[in-house]
Amino acid sequence: MAEDNNHRKKQLITYLFNYAYDHDIGYIFFESDPNNPSLSFKNEREICINMNWHHHSPEVPFTIAHEIGHIMNGKPNLKQYNCCLDYGGFDDEERDDDIYGLHLIYQYSCAQEDNFYDPAAFIQSYAIPERMIKEAYKMFEAEGEFFYIGRSKIHN
């Protein structure tokens, strides 16, 4: 999202909401206190996205993809009942949903023919949270069709 960031961010958000719709996931987007987290309700297959998260953070698209991950991964969401105390914690469920979101945005990026050769450029362009750097490198290495060569392969 390097060139016209706002326009590309809106396009990605539209793509993600269309993806949710295509997968029978309802969505509500709202603007609330910038510290109120977005939520997913798995039984209802619905996500609620605070578009004012940290004052319109560039990470809003990743948050949408992450919440879609909660629904698509289908695990019980125990944190939704205790979100105010634990939000921002990093456990296996949150990690899996982050990984789902990362891959979902990567698929979008490929469809846009962004042709990133460096995971760091992808992360920066799509405002992927720093906690996902290691996973992004794994994803690029697994894809193999890009020019990214993992350090382990360089030394062999």
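The values are calculated or read from the model by the stated rules, or taken from the named source; none is laboratory data. Note that the coordinates shown come from a computational prediction; the quantities given were computed from them, not determined experimentally. Cβ sites come from the backbone with ideal geometry, for glycine too, and all protein chains shown count toward neighbours. Surface accessibility is based on the protein's heavy atoms, side chains included, excluding ligands, DNA and RNA. Shrake-Rupley method; radii C 1.70, N 1.55, O 1.52, S 1.80 Å.
When every residue of region 116-133 is checked against the conditions, at least one turns out to be at pLDDT below 90 and open to solvent by 50 Å² or more (accessible area, probe 1.4 Å).
In region 100-110, what residues are more than 14 Å from ALA127 (Cα to Cα) and within 8 Å of the chain's Cα centre (by Cα)?
Going through region 100-110, the residues more than 14 Å from ALA127 (Cα to Cα) turn out to be 100, 107, 110.
Within region 100-110, TYR100 is the sole residue that qualifies.
Criterion applied to HIS7, HIS56 was being in a loop (DSSP other than H, G, I, E, B), modelled with pLDDT under 95 and surrounded by fewer than 20 Cβ atoms within 10 Å (Cβ to Cβ), and the one residue passing it is HIS56.
Within region 24-53, being assigned to a loop (DSSP other than H, G, I, E, B) and either closer than 25 Å to HIS7 by Cβ or hydroxyl-bearing (Ser, Thr, Tyr) (or both) holds for ILE25, GLU31, SER32, PRO34, SER38, MET51, ASN52, TRP53. TYR21 is checked against (1) assigned to a loop (DSSP other than H, G, I, E, B); (2) farther than 23 Å from ARG95 by Cβ and fails just one. What number does that condition carry? Exception for TYR21: condition (1). The single condition among (1) over 26 Å from GLN124 (Cβ atoms); (2) hydrophobic (A, V, I, L, M, F, W, C); (3) open to solvent by 60 Å² or more (accessible area, probe 1.4 Å) that PHE29 does not satisfy is (1).
Answer yes or no: is there a residue in region 66-81 that is modelled with pLDDT under 95, buried (at least 17 other Cβ atoms within 10 Å of the Cβ) and out of contact with any Ser or Thr (no Cβ under 9 Å at 6 or more places or on another chain). Scanning region 66-81 turns up at least one residue that is modelled with pLDDT under 95, buried (at least 17 other Cβ atoms within 10 Å of the Cβ) and out of contact with any Ser or Thr (no Cβ under 9 Å at 6 or more places or on another chain). With respect to being open to solvent by 20 Å² or more (accessible area, probe 1.4 Å), under 25 Å from SER125 (Cα atoms) and modelled with pLDDT of 95 or more, TYR19 fits the description. Inclusion of ILE13 among residues that are in a helix (DSSP H, G or I) and at pLDDT 90 or above is warranted.
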